[in-house]
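The values are calculated or read from the model by the stated rules, or taken from the named source; none is laboratory data. Note that the structure is predicted; figures quoted are calculated from it, not measured. Counting neighbours? That spans all protein chains shown, and the Cβs are built from the backbone with ideal geometry, glycine included.
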Amino acid sequence: RWYPDSMSRRSFEDPEREAARLAALEFLRQYGDPVLRTPADRVEVFDEALVAEAHEMVRLMADGRGVGLAAPQLGRLRRLIVVQPYEEEPAHALVNPEIIARGDEEEIATEGCLSIGEVNVDVPRAVQIRIKAQDLNGTEFEADLEGFAARVVQHEIDHLDGVLILDRARPEDRRAALAETASVFGETVTFGRILAGTTDPADRLALLAENLDGQIATVFRQVAMNRFEDAVHTHHREHGELAIEEFGDHWYATQTAMLGPAVEVTEGYRTWWSYIPHFIHTPGYVYAYAYGQLLALSVYRRYQERGEAFVPAYLDLLARGGSMAPEDLGRLVDCDLADPAFWDGGLRIIGETLDLAEQAAREAQRL
């Protein structure tokens, strides 16, 4: 089983290790950085500096709780990777690695990436590969890899070629994160028109409350569910099978973090995780709901800023469907999906809706 390298060894029980993980990620280039799309150059000089670089990469990989790391993720366009698929085995540095043969069998499994945050996608990889590489002294060698180790090495070699897991994902998986764009955008346009024509404070409050309820369910609740998935699967990887009470503890912690003091959570709610079986059997996709909702709202914010001039580019985006990677689709409408400020546009729309709801409640004498 392939566990996403951005989440596979996360420890919520050890605050020091979690702090070290977050500190390590600060050194890594993140999705949207052009260096991650640039092919790396061959290493020609084998010296102490190369050895020191490999040791630094191993440290960051370990602190980041990853299973592999490529030099471009540190902004260094050199064909150098380090891998440690199994914690009980030592890390290995591979210089100028290349795949010289692949077996016929492929396997699809979920992957993540230390440079792409919490995103996980299903990626097909060859089960068996033969590689040619050099060690840190420059000595050439060949090796046969299979299973998890083969997947890790293929993932890291992709980084050397400017390829990310999103490029390997099936079109239907790309569409999962974009499928709601048209409907949410259209609903937001329609909602704005209806609200503009509604003057009675009580009617406006009803409309705004219904809209906010949907935003909470689609964005904030899905994020809380994603945190639950991450917590229980990390717990299982690090400590083994969970007791029913431990499932309940993770559910309670992640859901109360979202609800805050506004909702009293009863003891019986600790078992409510059990009504959603895909948490256990098909984890990792609830993030797409929040991603898709905020993407559509943030694109709508750009429409608000630019007006009718934005429409042709938006229609072009819809026409492309899942034929392009999400960041490339974003560029069609001049949206940088790697820029946090872009996503803030969608969150501001939710915040403004809340402000309008509070204003309507006061006017309707409900506050």
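Given the structure, is ARG331 under 19 Å from TYR31 (Cβ atoms) and basic (Lys, Arg)? Answer is yes for this residue.
Taking the criterion of being assigned to a loop (DSSP other than H, G, I, E, B), of a type outside the set (Phe, Trp, Tyr) and more than 16 Å from the chain's Cα centre (by Cα), would at least one residue in the stretch 270-279 satisfy it? So far as the stretch 270-279 goes, yes, one or more of its residues are assigned to a loop (DSSP other than H, G, I, E, B), of a type outside the set (Phe, Trp, Tyr) and more than 16 Å from the chain's Cα centre (by Cα).
Taking every residue in the stretch 6-34 that is under 19 Å from THR234 (Cα atoms) and at pLDDT 80 or above and pairing it with any residue that is surrounded by 12 or more Cβ atoms within 10 Å (Cβ to Cβ) and of a type outside the set (D, E, K, R), at least 6 positions away or on another chain, the pairs with Cβ-Cβ distances below 7 Å are ALA24/LEU60; ALA24/GLY64. Evaluate the stretch 240-258: report whether one residue or more is in contact with a strand residue (DSSP E or B) (Cβ under 9 Å, 6 or more places away or on another chain), more than 30 Å from THR353 (Cβ to Cβ) and not in a helix (DSSP H, G or I). No - not one qualifying residue is present in the stretch 240-258. Within the stretch 191-200, one or more residues are polar (S, T, N, Q) and either modelled with pLDDT of 95 or more or not in a helix (DSSP H, G or I) (or both).
Every test in (1) modelled with pLDDT under 95; (2) surrounded by 15 or more Cβ atoms within 10 Å (Cβ to Cβ); (3) not in a helix (DSSP H, G or I) is passed by PRO97 save one, and that test is (1). Every listed requirement among (1) within 20 Å of ALA224 (Cα to Cα); (2) crowded, with 18+ Cβ neighbours inside 10 Å is met by THR271 save one, (2). Residue count for the stretch 89-114 satisfying the condition of being within 25 Å of the chain's Cα centre (by Cα) and among the acidic types (Asp, Glu): 3. Summed over the stretch 12-55, the residues that are under 20 Å from ALA133 (Cα atoms) and in a helix (DSSP H, G or I) give a count of 8.
Quick check on GLY284: is it on the phi < 0 side of the Ramachandran plot and either modelled with pLDDT of 90 or more or surrounded by 13 or more Cβ atoms within 10 Å (Cβ to Cβ) (or both)? No; evaluated as a whole, the condition is false for this residue. Taken over the stretch 110-141, the criterion of being assigned to a strand (DSSP E or B) and at pLDDT below 90 is satisfied by THR110, GLU111, VAL121, ASP122. Restricting ASP344, ASP328, ASP355 to residues that are surrounded by fewer than 20 Cβ atoms within 10 Å (Cβ to Cβ), within 17 Å of the chain's Cα centre (by Cα), modelled with pLDDT of 90 or more and outside any loop (DSSP other than H, G, I, E, B) narrows the list to ASP344. Selection within the stretch 29-77: residues that are acidic (Asp, Glu) and under 20 Å from the mean Cα position of the chain (by Cα). The member of this set that is surrounded by the most Cβ atoms within 10 Å (Cβ to Cβ) is ASP63. Restricting the first member to the stretch 218-230 and to residues that are under 13 Å from ALA253 (Cβ atoms), and the second to residues that are polar (S, T, N, Q) and modelled with pLDDT of 90 or more, the beta-carbon pairs closer than 8 Å and six or more apart or on different chains are ALA224/THR254; ALA224/GLN255; MET225/THR254; ARG227/THR254; PHE228/THR254; PHE228/GLN255.
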